[in-house]
Amino acid sequence: MFRKFFLVVLLCAGSAAFGQGIYSWKDAGGQVHYSDMPPPDAKVRTVRQGPIAPTKPAPAADGSDAAAAAPSGGPQSYAEKELAFRKRRAETAEAEEKARKAQAADEARQRECAENRAQLTALESGQRMSRFDENGERVFLDDDERSAALERTRRAVDKTCR
């Protein structure tokens, strides 16, 4: 039983190894390289031809260049795929952080707008208004101070409540 299983595993592994082509080329330093994926810019010699010759990937449907994703021009290696995945994940995290900051800024602007409107309502109501001076004592606003505060608050409402 074990012999039959071993023979089947050996045949499957052997057929997978024979299914790929092997290519040889020399780099700029004169060193010889062997691989199952040939580089696009080197003079490649086929050592053993597989059943399906590798081809350059087709351009992506979104118009981006496939060579930009795979600098070697061939199919992406595991390291290139991992790098692309990490880049996409970092861009997604950056976009989420930007959206979170924009939402927090919008909420702060809305709170400031509500506070300014409440202040404007209080100033327009005609009630006696007071403020605290530098000594911490309460000082009531006279008509000139009230109109100046009213104008400042209206400008603040116009600025924050757009």
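The values are calculated or read from the model by the stated rules, or taken from the named source; none is laboratory data. All values reported here derive from a predicted model rather than from experimental measurement. Glycine gets a Cβ as well: all are built from the backbone with ideal geometry, and neighbour counts include every protein chain shown.
Quick rundown of the values:
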item: Leading residue by the ranking (modelled with the lowest pLDDT) among those in region 1-52 that are of a type in the set (Phe, Trp, Tyr) and either over 22 Å from GLU80 (Cβ atoms) or exposed (fewer than 13 other Cβ atoms within 10 Å of the Cβ) (or both); result: PHE18
item: Hits in region 103-125 (condition: part of a helix (DSSP H, G or I) and under 22 Å from ASP142 (Cα atoms)); result: ASN116, ARG117, ALA118, GLN119, LEU120, THR121, ALA122, LEU123, GLU124
item: Qualifying residue in region 59-82 (condition: at pLDDT 90 or above, over 30 Å from ARG154 (Cβ atoms) and of a type in the set (Phe, Trp, Tyr)); result: no
item: Any hit, region 115-125, residues being over 48 Å from the mean Cα position of the chain (by Cα), under 18 Å from VAL157 (Cβ atoms) and small (Gly, Ala, Ser); result: yes
item: Members of region 78-113 found to be surrounded by 13 or more Cβ atoms within 10 Å (Cβ to Cβ) and more than 21 Å from the chain's Cα centre (by Cα), listed by number; result: ARG109, GLU112, CYS113
